[in-house]
Amino acid sequence: MGRREGAAACPKMPRRALYLLAGLMSCGLLVAAGSVSAAAATAGSLDTSFGTGGKVLTDLGVGGGVASDAVLQSNGDIVVSGGFGLARYLPSGQLDRAFGASGIASVGFAFDGDSGTAVAVQPDGKIIWVGSQGNPAFTPGGTFEFAVARFNPNGTLDTSFGSGGRVGTEFFAPPLQGAQEFAAAVLVQPDGKILVAGSARQGQNKFAPIQGAIARYNSNGSLDAGFGSGGKVLSASHGAVTALGLDAAGDIFVLPALAEFNPSGQADATVTPAAITASSRGGAAAFLPDGQSVLTSSVGVAKHDVDIQVQRFNADGSLASTSPAFDFSGVTGLDQARDGAAAVAVQANGQAVTVGSHFLATSVFGLARVNAPGTLDAGFGAGGTLTTSFNGDDGAGAVLVQPDGKIVAVGFSENNSTGEVFIALARYNG
């Protein structure tokens, strides 16, 4: 049984915000905004023990890649991924200068740059980066394939993986110029194999459908020949995949259009509700351990006014609850603001934290916390929402909930005067 996202109006936003949302394969993902209380311990207030007053900026220079995902390591370090590669921060918010080259690890795909969208950490501490690169079979520009890289715990590329630590994967045979293949989710299976999913669209045909695309790799980076067709699965009936889940039997579940595949990659006719034992992180859709899922999206409420909505689904795909459309800034009624949802995470108590951007003259981080029945958490921020500004051209693309309940929003900030792009992090009291 499948599900479809509700109709979403894509907000017009600053260039970096649009790039971030496009890379996440959706106009809207989860985490909302509002006004932050001044009380240091109030849920949603900035955690002043983190960075400077709760915020961190890392300058990537002019034209730097956009931060789009993040993951927590077991020791509390924060690994951020994006087109620049990886960056790692200590629990205090300080850039970990012992990682990569002074805190930044470059991916270095040779063909038309890299665009990173998801990250995962293996049990042995190695880090998987996924995104897209220009297809080397064609002239640079406009033709893209899946790109996967693995790093050692110290931020160097793992040369035992693929070719020098990197793998590119093309889904169509023969490939055509203009193919659009973008990875959006990664999950390391208990047996060490690596699932990567996203979307694929054949080139030179503007009417070609966007298909769900899944690849499975062995631990050395080679495609798993026992999965799908030569390690790859294309599914025209399910559309782009932004989240992955596994049950105890190894069956694979995907979102936002709920579907199930058996361990060898064959699509099941229906979804059998099951507990989810492992799942990917990041993006606008997320699985809960009981098989439920949460989806955040942007919805048009009036001309030039785009809000956020959070939906929760039962394990069989039926709708459990829907939040009212709300504005990251907490404003009610029409305000001509454009709010973009980018990512969602579910706390242990079942509350969903969603992040994205709020654009009205300037663009800022937006966050919100939504109760299981779909109501905003009145004890978070100002009535359930909050916003945070850095340089005024900002957007959150990822959200993490720490074991202590504190919330980390990760994204980008750009100085429009100089063109400098920053990795931006903010930590909030839970």
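The values are calculated or read from the model by the stated rules, or taken from the named source; none is laboratory data. Predicted model, so just to flag it, every value in this text is computed and none were measured. In this analysis, Cβ positions are derived from the backbone assuming ideal geometry, glycine residues included, and neighbour counts consider all displayed protein chains. In case anyone asks, the SASA skips ligands and DNA or RNA and just uses the protein heavy atoms, side chains included. Shrake-Rupley method; radii C 1.70, N 1.55, O 1.52, S 1.80 Å.
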Given the criteria in a loop (DSSP other than H, G, I, E, B), at pLDDT 95 or above and either out of contact with any strand residue (DSSP E or B) (no Cβ under 6 Å at 6 or more places or on another chain) or not acidic (Asp, Glu) (or both), does Gly64 qualify? no
Report every pair of residues separated by at least 6 positions or lying on different chains whose Cβ atoms are under 6 Å apart, first residue within the stretch 263-288 and under 18 Å from Ile194 (Cα atoms), second surrounded by fewer than 17 Cβ atoms within 10 Å (Cβ to Cβ). Pro263/Gly250; Ile276/Pro289; Thr277/Ala248
In the stretch 78-100, residues that are in a loop (DSSP other than H, G, I, E, B) and either open to solvent by 10 Å² or more (accessible area, probe 1.4 Å) or within 13 Å of Val130 (Cα to Cα) (or both) total 10
Note on Val364: of the conditions (1) open to solvent by 10 Å² or more (accessible area, probe 1.4 Å); (2) assigned to a strand (DSSP E or B); (3) farther than 24 Å from Val62 by Cβ, unmet is (3)
Among (1) more than 18 Å from Val56 (Cβ to Cβ); (2) hydrophobic (A, V, I, L, M, F, W, C); (3) open to solvent by 20 Å² or more (accessible area, probe 1.4 Å), which single condition is Phe380 missing? (3)
Please tell me if Gly250 is under 20 Å from Pro273 (Cβ atoms) and over 16 Å from the mean Cα position of the chain (by Cα). yes
State whether one or more residues within the stretch 271-284 are on the phi < 0 side of the Ramachandran plot, over 21 Å from the mean Cα position of the chain (by Cα) and surrounded by 24 or more Cβ atoms within 10 Å (Cβ to Cβ). no
Residues of the stretch 193-226 being open to solvent by 20 Å² or more (accessible area, probe 1.4 Å), out of contact with any Asp or Glu (no Cβ under 7 Å at 6 or more places or on another chain) and not hydrophobic (A, V, I, L, M, F, W, C), which ones? Arg201, Gln202, Gln204, Asn205, Lys206, Pro209, Gln211, Ser219, Asn220, Ser222, Gly226
Among Pro153, Pro190, Pro174, the single one that is open to solvent by 30 Å² or more (accessible area, probe 1.4 Å), in a loop (DSSP other than H, G, I, E, B) and closer than 27 Å to Ser102 by Cα is Pro153
Answer with yes or no whether Asp316 is at pLDDT 95 or above, of a type outside the set (Phe, Trp, Tyr) and under 18 Å from Leu425 (Cα atoms). no
